[in-house]
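Comments concern the structure below.
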Amino acid sequence: SIPIINKLYGEVTSPMYPKSYPNNYDETREIVVPQGYSVKLVFWQFDLEPSEGCFYDYVKISADKKDLGRFCGQLGSTPGNPPSQKEFVSQGNQMWLTFHTDFSNEENGTTIFYKGFLAYFQAVDMDECAAQDNAIEENSNLGLRCEHLCHNSVGSYFCSCRPGYKLQADKHSCRAECSNELFTETSGYISSLEYPQAYPPDMRCNYSIRVDRGLTINLKFLEPFEIDDHQQVHCPYDQLQVYANGKSFGEYCGRKSPGVMDTSSNAVDVLFFTDESGDSGGWKIHYTTEVIKCPQPKALDKFTVINNLQPQYQFRDYLIVTCKLGYQLTEGNQQLKSFTSVCQDDGTWHRPMPYCKIVNCGAPKKLPNGNFKYLTKEGGNTYKAEILYTCQEPYYRMVNGEENAKYTCSAQGTWKDKHGNEKIPRCLPVCGKPVNPVVENQR
Amino acid sequence: IIAGKSAQLGNFPWQAFTNIYGRGGGALLGDRWILTAAHILHPKDSSSLPNTSIDVFLGHTNVDEIMKMGIRPVRRVIIHPGYNQNDTNNFDNDIALLELENSVPLGPHLLPICLPDNETFYEKGLVGYVSGFGIESQKLSDDLKFVSLPMASSKNCQNWLNEKNSKQVFSTNMFCAGDKTRKQDACQGDSGGVFAVKDESGDRWVATGIVSWGIGCSKGYGFYTKVLKYVDWIKKEIGES
């Protein structure tokens, strides 16, 4: 008969269905669905001549080199062996349906008409992974099997390997491969392959931990710790090395765990070399990170004010420094309007602490036709120093009519009067006041 | 000054001595300005000569001494725009300002005079002092002289001019002072000096007039520029302060 090939679904009927099928008929239909699918067959109508052991007329289903059953009779009746509502599913992608009839369909001399059968088939995804497991249980050889992990997909499957192993060219087997392992999470676990079981031989492993700048990596070696060792020679067989900031923290083997390591770095490399033999359990590291911290800022003088001082400063924290009133932020010889310093990723402040220098107003301006004298320390021009301007009386007088004007060195570094004016007073000539006016005594 | 007295140092500390087209006077305003008459800079009946030096002296009552103290260089000359040099008989607006190159240091012998602020300084009979280094008994004086003169009424001034058949204009910007019965007056060389009146209420001396013109000397009244009329102009030119 004509095989049904590569259809995902369809129907199979007896010849001339739903009319009575012919006598002396024998046909086998092959149903083939695409690779990766199984064939599922369900009978919707079944009306064949019943007989003991389905000796006369029958439908036989076979798949995977096995007979799945031989059926005759009618659905819902006892005589014969009807398939009822039973589903037939192949393990492979092929199924055979054999239809056989004898020379007649008579009972007690009366010809009886049987409709035959109507069956639907469909392609259903094959779970190759489960099939492989079953094959192991059944000790059968069903092609290659995934060595580590099997993943089913519609119409197919694929294999993968556990961390530290690499899928080989045959797409099924795995080999240890740990020469370029990268860890970028802020915390995690790293261990030798198969830990705490014996690690594989001939490995050249490099586990790199790379986290953001401003973080430091801490390593904690967990128990058990076991690497092949020798009593006289230091780590001749297998050895674990830890590198950070370009320097080695040491070479480790034996059963004594290195414990806890503060690497003070955001980049750590753990190297693990094994020889061709050994059965030690290996090692496991729990790595964590913490944000780098800067030294606690300290004021250089008692006039410096660190705004909102925190008990601890870490990467990206910043501090703002101001001065008490009358003092000026100074960095080296330069006066600053403001000061902010940021904690850097290397744990240092991006600029050193400034100091606060008392504000100096400079020498007071000379008053034309007048003078000034210090009310505070002579020549002292710093914050809160006071001077008194006077005009050369009686020939000059201040514009505002006052005898003098007191100016104070302000926090802004300028001399200001009691009204906050920076402009110095003016001494204007006094008119019409001769010191020796005409006096005529003779009357 | 005719029939005057010698001034002592400090009597008239505002008195300036000028030498331009001839001897003249002036008065110190503030510490940088000289108030004077326009006609000593642009004299009537003669054309102003270019590059005429304007020599100003301050600070003494003796001509030799005051000149020893040095010329006070002039930065700017401001003639009142209403003054007409070519109108021989009209001394209207006879007022000018000289801005000195440098402020002068004030002291007991060098002080400014005040400007008037009301008409009470021009009441008839109010006595003021006129000072100057001008003619005294037909000859120039070596020392500063002064004379006290009473303010005359405008009516008397005009009548006197009429009696003299004078063609001189007597404007409202002028006043006259003097006493017909006395031979006291300012004279040539005193021009530009001021008529100073004591403001008793404010205890200060005020320049109410500028020596301007007269018909001869000591023959009646002398005529003065009425400063009150020019206070606004002066303030505008030298600044309010």
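None of the figures in this text is laboratory data; all of them are computed from the coordinates on show. These numbers come from a predicted model, not from an experiment. Don't worry about glycine lacking a Cβ; one is built from the backbone with ideal geometry, like all the others, and counts go over all protein chains shown.
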Rounded to two decimal places and with Rh computed the Kirkwood way over Cα pairs, what is Rg over Rh for the stretch A:334-380?
1.31
Tell me the Kirkwood hydrodynamic radius of the stretch B:113-241 in angstroms, computed as one over the mean inverse distance between distinct C-alpha pairs.
15.0 Å
Restrict the search to the stretch A:304-351; then list the chymotrypsin sites (Phe, Trp or Tyr not before Pro) that DSSP places in a loop and that have at most 12 other Cβ atoms within 10 Å of their Cβ.
none
Tell me which aspartates and glutamates have Cα within less than 14 Å of residue A:433's Cα, excluding those fewer than 8 residues away on the same chain?
A:393, B:31, B:199, B:200, B:203
Based solely on C-alpha atoms, express the radius of gyration and the Dmax of chain A in angstrom.
50.3, 189
From the backbone phi of the stretch B:211-222, what are the Karplus-calculated ³J(HN,Hα) couplings (6.51 cos²θ - 1.76 cosθ + 1.60, θ = phi - 60°) in whole Hz, Gly and Pro given as x?
4, 10, 7, x, 9, x, 10, 6, 10, x, 10, x
What trypsin sites (Lys or Arg not before Pro) in the stretch B:95-192 are in a loop by DSSP, with at most 15 other Cβ atoms within 10 Å of the Cβ?
B:124, B:164, B:167, B:180, B:182, B:183
J(HN,Hα) series, the stretch A:226-233, from Karplus relation 6.51 cos²θ - 1.76 cosθ + 1.60, nearest Hz, glycine and proline x:
8, 10, 3, 9, 9, 5, 9, 9
Distribution of pairwise C-alpha distances over the stretch B:10-93, 10 Å bins, in %:
17, 48, 28, 7
Descending principal axes extents, the stretch A:295-443, alpha-carbon based, whole Å:
100, 23, 22
Count of lysine pairs, the stretch A:1-150, Cα-Cα under 14 Å, sep. 8 or more residues or interchain, comes to 4
Defining a contact as two alpha carbons under 8 Å apart and six or more residues distant in sequence, what relative contact order in percent does the stretch B:59-172 show?
26 percent
In which sequence would A:439, B:104 go, from the one with the fewest C-beta neighbours within 10 Å to the one with the most?
A:439, B:104
Among all stretches of chain A without exposed GluC sites (Glu not before Pro) (DSSP loop, at most 14 other Cβ atoms within 10 Å), which one is longest?
A:1-137
Which percent, to the nearest 5, of DSSP beta bridges fully inside chain A are antiparallel?
95 percent
Can you give the translational diffusion coefficient of the stretch A:293-333 in µm²/s, computed by Stokes-Einstein from the Kirkwood radius over Cα pairs at 4 °C and 1.567 mPa s?
114 µm²/s
What are the radius of gyration and Dmax of the stretch B:22-156, computed over its Cα atoms and given in Å?
16.0, 44
Quick check: pseudo-label points 7 Å beyond the Cα along Cα→Cβ at residue A:286 and residue A:260, how many nm apart are they?
1.1 nm
Is the shape of the stretch B:63-103 rounded, prolate or oblate, going by the alpha carbon gyration tensor and its root eigenvalues a ≥ b ≥ c, with a/c under 1.5 for rounded and a/b larger than b/c for prolate?
oblate
As straight-line cross-link partners of residue A:220, the qualifying lysines (C-alpha separation under 20 Å, not fewer than 8 residues apart within one chain) are A:247, A:256, A:284
Computed over the Cα atoms of the stretch B:1-58, what is the ratio Rg over Rh, Rh following Kirkwood?
1.02
Set the bar at 30 Å for Cα to Cα. Now go through A:337/A:418; A:366/B:235; A:365/B:229 and name every pair that lies beyond it.
A:365/B:229
From zero up to wherever the largest Cα-Cα distance of the stretch A:53-132 sits, split into 10 Å bins and tell me the percent of pairs in each.
15, 43, 26, 12, 3, 1
Against the empirical 2.2 N^0.38 Å scaling, what ratio does the C-alpha Rg of the stretch A:157-308 come to?
1.33
To test your reading of the geometry: what angle, between 0 and 90 degrees and rounded to tens, separates the Cα axis of helix A:128-137 from the longest principal axis of chain A?
60 degrees
Taking only the alpha-carbon positions of the stretch A:377-443 and ignoring solvent, what does the Debye formula give for the base-10 log of I(q)/I(0) at q = 0.15 Å⁻¹?
-0.58
Find the relative contact order for the stretch A:288-403 and round it to a whole percent, using C-alpha pairs within less than 8 Å whose residues are 6+ positions apart.
20 percent
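Could you work out the per residue convex hull volume over the alpha carbons of the stretch A:1-151, in cubic angstrom?
Details: hull volume 18.0 nm³, N = 151.
Measuring per residue, one finds 119 Å³ for the Cα hull of the stretch A:1-151.
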Once you place label points 7 Å from the Cα toward the Cβ at residue B:8 and residue B:148, how far apart are they in nm?
1.5 nm
Counting only residues 5 or more places away or on other chains, whose amide H sits under 5 Å from the amide H of residue A:229 once H atoms are built in the peptide plane?
A:254
Using all Cα-Cα distances in chain B, what percent lands in each 10 angstrom bin from 0 up to the longest?
8, 36, 40, 15, 1
Can you give me the Kirkwood hydrodynamic radius for the stretch A:247-333, using every pair of distinct Cα atoms, in Å to one decimal?
18.3 Å
About its Cα centre, how strong a charge dipole does the protein assembly as shown have in debye, to the nearest 20, once Lys and Arg get +1 and Asp and Glu get -1 at the Cβ?
6480 debye
Percent of Cα pairs exceeding the 19 Å cut-off, where the set is the stretch B:172-241:
42 percent
Which aspartates and glutamates, on any chain, are close to residue B:44 with Cα under 13 Å apart, when same-chain ones fewer than 8 places away are left out?
B:87, B:92, B:94
What whole-number distance in Å separates the alpha-carbon centres of the stretch B:84-111 and the stretch A:364-412?
35 Å
Taking H placed 1.01 Å from N in the peptide plane, check which residues at least 5 places from residue B:193 or on another chain put their amide H under 5 Å from its amide H.
B:25, B:26, B:211
Can you list the residues, at least 5 places off or on another chain, whose amide H is less than 5 Å from the amide H of residue A:215, using H built in the peptide plane?
A:292
For the stretch A:154-166, just list the computed ³J(HN,Hα) in residue order, Karplus coefficients 6.51, -1.76 and 1.60, θ = phi - 60°, integers in Hz, with x standing in for Gly and Pro.
5, x, 7, 6, 9, 10, 9, 10, 5, x, x, 10, 10
Relative contact order (percent, whole number), the stretch B:43-87, Cα cutoff 8 Å, 6+ residue spacing:
44 percent
